[in-house]
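Novice: What follows is a structure written as structure tokens; I'll ask about it next.
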Amino acid sequence: MVPCRAWSVNPVSPAWEEPHAAIRVVLRHFIFVYVHPYMDGNGRVGRFLMNTMMASGGYPWTVIPVTDRNAYVNALEKASVGEDIVPFADFLAGLVKKRLAGEPLPAVPKASPVGER
């Protein structure tokens, strides 16, 4: 991984001072998953935080469908290793546009019984 930039973890960095909610969401979500502060649950917590930031900015709750997981991870990887946040911003923007156009949230996949895992 590319070393984290000093501004990305500084609480007075551009990501924390950014006035536009959409930019704040992209930067803060990326920083959270990049720092990876927990042993488990970073993705779930990061996506929950992303949605709370979206809601506070007037955007709809947005779920990353299981079918789009690889695109999500690839976009995060481009932001991290490739130092290019644009694919990740475009990925999230595409999901938000679908929600704003009235597309329902994806269905939750059915869990298999414990014995079948």
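Novice: Considering only the stretch 23-79, state which residues are under 18 Å from VAL108 (Cα atoms) and aromatic (Phe, Trp, Tyr).
Specialist: Answer for the stretch 23-79, where residues must be under 18 Å from VAL108 (Cα atoms) and aromatic (Phe, Trp, Tyr): PHE48, TRP61, TYR72.
Novice: May I pose another question? May I ask you to list the residues in the stretch 58-82 that are of a type in the set (Phe, Trp, Tyr) and either under 17 Å from ILE31 (Cβ atoms) or touching a Gly at 6+ places or on another chain (Cβ under 7 Å) (or both)?
Specialist: Matches in the stretch 58-82: TYR72 only.
Novice: How many residues does the stretch 1-33 contain that are modelled with pLDDT of 85 or more and either in contact with a helix residue (DSSP H, G or I) (Cβ under 6 Å, 6 or more places away or on another chain) or of a type in the set (Lys, Arg) (or both)? It would help to see each step written out before you state the result.
Specialist: Kept after step one, since they are modelled with pLDDT of 85 or more, are these residues of the stretch 1-33: 21-33.
From what's left, either in contact with a helix residue (DSSP H, G or I) (Cβ under 6 Å, 6 or more places away or on another chain) or of a type in the set (Lys, Arg) (or both): 24-33.
Adding up the residues that qualify gives 10.
Novice: Cβ-Cβ under 9 Å, sequence separation 6+ or interchain: first residue in the stretch 71-93 and at pLDDT 95 or above, partner surrounded by fewer than 18 Cβ atoms within 10 Å (Cβ to Cβ) and among the polar types (S, T, N, Q). Which pairs?
Specialist: PRO87/ASN74; PHE91/ASN74
Novice: May I ask you to list the residues in the stretch 28-70 that are part of a loop (DSSP other than H, G, I, E, B), of a type in the set (A, V, I, L, M) and more than 10 Å from the chain's Cα centre (by Cα)?
Specialist: Filtering the stretch 28-70 for residues part of a loop (DSSP other than H, G, I, E, B) gives 36-41, 57-65.
If we keep only those that are of a type in the set (A, V, I, L, M) too, we end up with 39, 63-64.
The one that is part of a loop (DSSP other than H, G, I, E, B), of a type in the set (A, V, I, L, M) and more than 10 Å from the chain's Cα centre (by Cα): MET39.
The values are calculated or read from the model by the stated rules, or taken from the named source; none is laboratory data. Predicted model, so just to flag it, every value in this text is computed and none were measured. Please note: Cβ atoms are built from the backbone with ideal geometry, for glycine as well, and neighbour counts cover all protein chains shown.
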